[in-house]
């Protein structure tokens with residue numbers, strides 16, 4: 001039975017009133033992040049970002065409780081987090097509008113999670129301000145009262161199934177909806193991720209130097225697009241505008257080498273079960289850097305349709321002849337709704353592609369043996385027009401390398417990489433960097449006599465003593481990943497940090513800074 005829209009809104013309003021969060025003047029018990037998503041993209045994004053920021057502030061609140069003073073780096077992180085939280089709070093999704101057309105039971109679950117996220121945001125904003133002003137003293141509060149609050153919002157009280165007839169986001173399957181782990185909550189999901197990024201930067205663009213509303217300076221097109229900001233994700237994004245035979249081409253400074261990697265993030269808005277089965281993003285590697293088709297190319301079409309599982313289409317032309325034209329089935333429906341990270345590795349003729357931590361394509365001879373790739377091209381097709389379905393890209397990185405670090409470490413006794421990425425000003429490893437850590441673990445597993453010294457390096461931004469501490473913390477974080485994820489004995493690993501003291505690149509340039517932010521592994 002389908003409830004009328006008015007009744008749905010009344011139900012959501014009642015839920016909001018029923019589950020109003022208590023005052024957060026003091027907190028002694030950490031709020032629990034929801035364990036599962038609700039399947040409504042805007043709600044899931046709002047909840048995830050709220051708790052990511054909450055975790056940062058809660059950590060510093062703990063420092064205050066222990067009487068530990070904040071360092072300059074801590075203050076910078078808090079100021080940045082406060083700005084993000086204020087923006088997120090102001091742009092909180094309109095609950096009634098976002099949940100129109102969604103199943104009634106899912107509306108209730110969404111409301112619970114939104115309330116919990118608002119509670120986390122309220123605490124985070126208040127606490128961050130007090131920490132920055134030096135006024136934060138964590139009050140003690142009766143644990144029973146806090147437990148009662150948590151109990152009232154427990155996910156155990158939410159329905160375990162959805163009304164499929166009324167829920168456009170529910171699964172096609174009759175099986176119960178699977179709980180999806182949020183990959184940002186832990187690194188274990190990426191433990192088998194084997195992508196290794198290149199270490200010699202060719203091209204990078206996060207659009208930080210472009211004006212909002214302009215076409216990005218480092219790209220070319222025969223159509224239209226613009227740089228924008230989005231209220232639910234950080235940073236600047238390049239919006240592709242759909243058009244017939246419209247291509248978006250980054251201005252690569254040179255032809256691509258035999259071995260290179262490509263990485264980028266995507267955001268898709270307006271995608272739902274009415275999205276066409278033909279909606280896809282074409283990623284093309286081509287011997288021609290103009291807008292016409294060259295004699296040699298490899299092309300992948302990534303699907304965005306939601307009402308069923310659709311295929312990746314893969315085909316190529318080598319000397320004007322197609323040698324591969326095939327479809328590869330992969331269910332990435334939930335991934336494309338949640339800012340997927342795309343990774344591509346080309347090693348001579350071999351082509352591999354990952355969506356987040358999952359490898360989708362691995363073709364030994366997709367690229368022509370004597371083909372010189374001159375351009376990376378993007379083309380979107382099959383999306384609803386008039387801005388109803390939109391696609392954005394950011395953090396495009398093209399780098400030479402992607403070599404097998406295992407052989408280099410075994411042969412040379414040491415290896416240096418800037419492919420292990422950390423959150424800005426932090427020692428938190430970004431999950432997609434684990435491909436490198438995994439390769440190092442394989443060397444240690446193969447030869448149990450090997451011991452390694454892990455050495456962290458930073459760029460020259462910030463005070464020298466802060467960078468020295470950060471480099472040591474990052475080396476320790478890599479050791480922790482090897483020990484806790486790959487079960488390498490801790491006694492086989494030592495750590496050190498050099499801060500900004502041993503640069504290999506020019507700290508006055510973006511590329512040079514990227515080279516200096518690196519981790520070394522040296523046989524002892």
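What follows draws every value from the coordinates through simple rules; no lab data is involved. Since we're looking at a predicted model, the values are computed, not measured. Using ideal geometry, Cβ is built from the backbone for each residue, glycine included, and neighbour counts are taken over all protein chains shown.
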- Message: Can you compute the FRET efficiency between residue 229 and residue 510 using 1/(1 + (r/R0)^6), with r the Cβ-Cβ distance and R0 = 25 Å? Round to the nearest 0.05.
- Response: 0.75
- Task: State, to one decimal in nm, how far the label point of residue 272 lies from the label point of residue 315, with both points 7 Å from Cα in the Cβ direction.
- Result: 3.3
- Could you line up 365, 116 from fewest to most neighbouring Cβ atoms inside 10 Å? 365, 116
- Pulled fully out, how much extra length does the chain show between residue 291 and residue 446, if you take 0.36 nm times their separation in residues and subtract their Cα-Cα distance? 51.0 nm
- Residue separation times 0.36 nm, minus the C-alpha to C-alpha distance between residue 133 and residue 369: what's the value? 78.8 nm
- Query: Using a Förster distance of 45 Å, how high is the FRET efficiency between residue 325 and residue 412, based on the Cβ-Cβ distance and rounded to 0.05?
  - Reply: 0.60
- Points 7 angstrom from Cα along the Cβ direction at residue 484 and residue 347: gap in nanometres? 3.0
- Message: Using a Förster radius of 35 Å, what is the FRET efficiency between residue 220 and residue 75 based on their Cβ-Cβ separation? Nearest 0.05, please.
- Response: 0.25
- Give the relative contact order (percent, whole number) for the range 197-401; include only Cα pairs under 8 Å separated by 6+ residues. 32
